[in-house]
2 protein chains.
Amino acid sequence: MNIANRIELIALPGLPAVKPGDALDGLVAQGLDAARIDLCDGDVVVFAQKVVSKAEGRLVDLRSVTPSPRAEEVARQVDKDPRLVELILRESKRIVRQRRDVLVVEHRLGFVMANAGIDQSNVASAAEGEFALLLPEDPDASALRLRAALARSCGARTGVIINDSFGRPWRRGTAGVAIGCAGLPALRDLRGRPDLFGRTLRVTEIGLADEIAAAASLLMGQADEARPVVIVRGLDIHGPALAAQVLVRPPEEDLFR
Amino acid sequence: MNIANRIELIALPGLPAVKPGDALDGLVAQGLDAARIDLCDGDVVVFAQKVVSKAEGRLVDLRSVTPSPRAEEVARQVDKDPRLVELILRESKRIVRQRRDVLVVEHRLGFVMANAGIDQSNVASAAEGEFALLLPEDPDASALRLRAALARSCGARTGVIINDSFGRPWRRGTAGVAIGCAGLPALRDLRGRPDLFGRTLRVTEIGLADEIAAAASLLMGQADEARPVVIVRGLDIHGPALAAQVLVRPPEEDLFR
């Protein structure tokens, strides 16, 4: 493995708002045109979860949601909209922690996260607060599809990551995390490699896709300057492709669930 | 706040092995020379914890360590060197989780981490296994000193981050995290900012220094190609400077300790 000396991250400018059914590879091609750059083999294209979810039609009108009695009860306990809690519970395996204003769940995909990743910011709505945006149905599958589509429309063999901002248990502030990954090793295994002095490394696995996701997040913004697509150029992404699902620590290995 | 369109990360080449008492700003100046680049105002210089610890003389000869009875007992339980456990306990407020081969503690600086961040890889030793490297005494103070030294020797007003690789509770693989920070807001507060559609953002704080630390970690490597200094260029680091200590979630806000 050769580690890069230099990498560059480029946020694509001027992407239009994404609607259900939009082909994101087409929007990327437009953005590349506007930025006057070509996609290259080995680039990693990082998509903000929100645009992937929007393109996949994961927007839910809260007026269409009928909360179950359990959702009503949890909503009272945590002081949230019962319809939102209903969606959170549908998207989750179980509640991990709850407290007023806080609902940390194990998402059906295994992510331990607040509100099952359901977002009410940057979601267009006629009546504010009436829409919620769920995570993609299967973000690793979305990443694979996007990778194939980019190969067709831009002619480059890239890696693709779908990122989201997660809170962390012991640290303040969110950090970008990979919820979908294709075409690169989401996890890099260094087991058995010698360190600088020939000792075998004990720390053995690097969350490569998460570090890329965090880096891209630096350019995306969370507020009104949001830029949902970032190209990461110059990384060595060789190695067996591993989906973001491998980044989920199995519950039986987990000391903090 | 303007978010950058483009950022670049550059790993400094050819740094010599660091010895206690070395002035890291001088090594950075040499590396910049070798890379034929100048440090610019607004650059963020990210140092791997190991080189800062080595320069500050935080290497401990394990033969000089006498384990306490408690360290002996914990060492038996987790199957680690009792002298190493003694150092871990000295550097910690308390044990958070333990299991065979795993010792997660609350470091005296508040970081919840394995082995109090004490490292035995990439630590030169005559007799292998006889040395351990502790975290810097006060990494935020180290970052401030490095920032002042870089201003003197390179004439640039930079941000400085000291990073380390942390394991995460629910995700496999390590990710770079900021343990020291100077000259930039370690935490960026977005509270009250409108999102794309005018709704006030609910997710309010971004772990800016942690995302920069993770990005830099992509270029550092953990094994024999280690490059301990990375320049991050093009970020907007305006805002009130906040030390990495603000990234530590206070125990009373923490649901997972």
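Read-outs: derived from the displayed coordinates by stated rules, not from any lab. Here the structure is a predicted model, which is why all the values come from computation and not from measurement. Cβ: placed from backbone, ideal geometry, glycine included. Neighbour counts: every protein chain shown.
Numbers at a glance
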{"quantity": "Percent of beta bridges antiparallel (DSSP, the protein assembly as shown, rounded to nearest 5)", "calculated": "85"}
{"quantity": "Estimated dipole of the protein assembly as shown in Debye, rounded to 20 [Cβ of Lys and Arg +1, of Asp and Glu -1, Cα centre]", "calculated": "700"}
{"quantity": "Label 7 Å beyond Cα on the Cβ vector: B:V102 copy-to-copy distances, nm", "calculated": "2.1"}
{"quantity": "Calculated diffusion of the range A:60-133, Stokes-Einstein form, Kirkwood radius summed over Cα pairs, 37 °C and 0.692 mPa s, µm²/s", "calculated": "268"}
{"quantity": "Ellipticity estimate at 222 nm from DSSP helix runs (n ≥ 4, -39,500 (n - 2.57)) divided over the protein assembly as shown, nearest 500", "calculated": "-8000 deg cm²/dmol"}
{"quantity": "Principal-axis tilt of helix B:208-220 within chain B, Cα atoms, nearest 10 degrees", "calculated": "70"}
{"quantity": "Fewest-first sequence of B:V44, B:V60 by Cβ atoms within 10 Å of each Cβ", "calculated": "B:V60, B:V44"}
{"quantity": "Total charge dipole magnitude, the range A:60-133, about the Cα centre, Cβ charges on Lys, Arg, Asp, Glu only, Debye to nearest 20", "calculated": "380"}
{"quantity": "Alpha-carbon spread of the protein assembly as shown, three principal axes, descending order, Å", "calculated": "68, 52, 42"}
{"quantity": "Reach of A:K54 by Cα under 27 Å, taken over lysines that are not fewer than 8 positions away in the same chain", "calculated": "A:K19, A:K80, A:K93"}
{"quantity": "Relative counts (whole %) of C-alpha pair distances in chain B, using bins that are 10 Å wide", "calculated": "7, 29, 33, 21, 8, 1, 0"}
{"quantity": "Taking B:D41, B:D25, A:D189 and counting other C-beta atoms within 10 Å, the order from fewest to most", "calculated": "B:D41, A:D189, B:D25"}
{"quantity": "Label point 7 Å beyond Cα along the C-beta direction, distances from A:D61 to other copies (nm, shortest first)", "calculated": "7.6"}
{"quantity": "Length-normalised contact order of the range B:60-133 in % [C-alpha pairs under 8 Å, at least 6 apart]", "calculated": "26"}
{"quantity": "For the range B:135-140, Karplus couplings with θ = phi - 60° (6.51, -1.76, 1.60), whole Hz, Gly/Pro x", "calculated": "4, x, 4, 8, x, 5"}
{"quantity": "Rounded, prolate or oblate (a/c below 1.5 giving rounded, otherwise prolate when a/b exceeds b/c) for the range B:203-257 by Cα gyration tensor", "calculated": "oblate"}
{"quantity": "Nearest-first distances (nm) between copies at B:N5, label 7 Å from Cα via Cβ", "calculated": "2.7"}
